[in-house]
Structures are given as C-alpha cells and as structure tokens.
Amino acid sequence: MSNEITVKELADKITELENSMYEQFESGNKNVVVGNSDMFPLNHSFSEGVYIREMLMPKDGLIVGKIFKCSHHFILLKGKLLITMPGEETKIHTAPSWFTCTSNVRRVLLSLEDSVFMNVLPNPNNETNIDILEERLLEDNYKIFKQNKELKQ
C-alpha cells in the first residue's frame, strides 16, 4: 500500500514541477521553454514503420519529458542522465544504455553530462509530418495546463 502512495506522491510532485515551469515560461523566464526548442534541439529520422526522435541535452539541463501514448525504446547514446518516474526507482543512466518506456508516464530527466538520447517510436503509416506524429504519439501537457488554468479563473 505504501508503494502506491509513493507513486502518487511522485506523480504529484512531477506535476507541480511541470506546472511551476509552465508558470515561469508564461511569466517570460527565458531559461524555461515549453515544447520543442533550440535549447534542447530535436532531430527526426524515419525508416519503414519507425520514427526516431533524437534530443541533444546540455549538462545541467532539466526537462519534464513528454508523455508518450505508446510504449517505446529509449536509447542513451552519449552522456549521463538522472531519470525519475512514478512507479520506478530514480536511476542514473550512463551511455551507452537503453530501456523500454511504458506508455502514459511522465519522466523527469536531469543531464549530468552533455547527453544525446533517442526515442524509437512506431510509425505504421510512415508519416513524416512532425505535428501529426506528435498529435498521434504525445500528450500535450501544456495545452492541458492552459485549459486547467482557464477553468480555475
């Protein structure tokens, strides 16, 4: 029973962190970005039925990761990341390494060194439009935050 409480508490803390970052972004803090940015550049590549999102993350970078709607592989190509997520022990991953990400889980990543990682995702329709792929594969947390904020006002 205590494990369930710990999972919920961590999920709540990650939500608080993410919401705090959104508030800072909306207040004009240039060190906080929402969505894809030059601060954490993404590279996209495609092969038959596969979409790969590669992110470059500088040392000391902190992100609340996207919530993926499907399970997929996470591959750390370079560097060292501290990763925490509800239901799992906080771990330090050192390149090269990989693991399977479950769907619908919010992760927090802290880059302990300049790092490069990729998410390997299904793409059965061989779509190449990033906006369409993100809509299919990712939850839009910022959109949900904005809707909740408007409801509270």
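The values are calculated or read from the model by the stated rules, or taken from the named source; none is laboratory data. Owing to the predicted nature of the structure, the values given are computational and were not obtained by experimental measurement. Don't worry about glycine lacking a Cβ; one is built from the backbone with ideal geometry, like all the others, and counts go over all protein chains shown.
Looking only at segment 95-111, count how many residues are surrounded by fewer than 17 Cβ atoms within 10 Å (Cβ to Cβ) and not hydroxyl-bearing (S, T, Y). Break it down stepwise before answering.
So in segment 95-111, the residues surrounded by fewer than 17 Cβ atoms within 10 Å (Cβ to Cβ) come out as 95-100, 102-105.
With the extra rule that they be not hydroxyl-bearing (S, T, Y), the set shrinks to 95-96, 98-99, 104-105.
Residues flagged as surrounded by fewer than 17 Cβ atoms within 10 Å (Cβ to Cβ) and not hydroxyl-bearing (S, T, Y) within segment 95-111 amount to 6.
Results for (1) under 23 Å from V7 (Cα atoms); (2) out of contact with any helix residue (DSSP H, G or I) (no Cβ under 8 Å at 6 or more places or on another chain), shown as yes or no for each residue.
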site: I75; (1), (2): no, yes
site: G87; (1), (2): yes, no
site: K91; (1), (2): yes, yes
site: C101; (1), (2): yes, yes
site: F117; (1), (2): no, yes
site: V120; (1), (2): no, yes
site: N125; (1), (2): no, yes
Condition check: out of contact with any strand residue (DSSP E or B) (no Cβ under 7 Å at 6 or more places or on another chain), modelled with pLDDT under 90 and either among the β-branched types (V, I, T) or surrounded by 13 or more Cβ atoms within 10 Å (Cβ to Cβ) (or both). Does V64 satisfy that? no
Scan of segment 108-127 for residues that are under 10 Å from L81 (Cβ atoms), in a loop (DSSP other than H, G, I, E, B) and either modelled with pLDDT under 95 or not acidic (D, E) (or both), ordered by number: L112
Given (1) modelled with pLDDT of 95 or more; (2) surrounded by 13 or more Cβ atoms within 10 Å (Cβ to Cβ); (3) touching a Lys or Arg at 6+ places or on another chain (Cβ under 7 Å), index of the condition I92 fails: (2)
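Could we say that S37 is exposed (fewer than 14 other Cβ atoms within 10 Å of the Cβ) and without any contact (Cβ under 8 Å) to a residue 12 or more places away in the chain here?
Yes; evaluated as a whole, the condition is true for this residue.
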In segment 24-34, which residues are free of Cβ contacts under 8 Å to residues at least 40 places away in the same chain and part of a loop (DSSP other than H, G, I, E, B)? S27, G28, N29, K30, N31, V32, V33
Of all residues in segment 73-83, how many are surrounded by fewer than 19 Cβ atoms within 10 Å (Cβ to Cβ) and either touching a Gly at 6+ places or on another chain (Cβ under 8 Å) or at pLDDT 95 or above (or both)? 5
Total residues in segment 9-34, condition surrounded by 11 or more Cβ atoms within 10 Å (Cβ to Cβ) and either at pLDDT below 75 or more than 18 Å from S111 (Cα to Cα) (or both): 17
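So in segment 112-125, with the set limited to residues that are among the aliphatic types (A, V, I, L, M) and touching a residue at least 60 places away in the same chain (Cβ under 8 Å), which one is surrounded by the fewest Cβ atoms within 10 Å (Cβ to Cβ)?
V116
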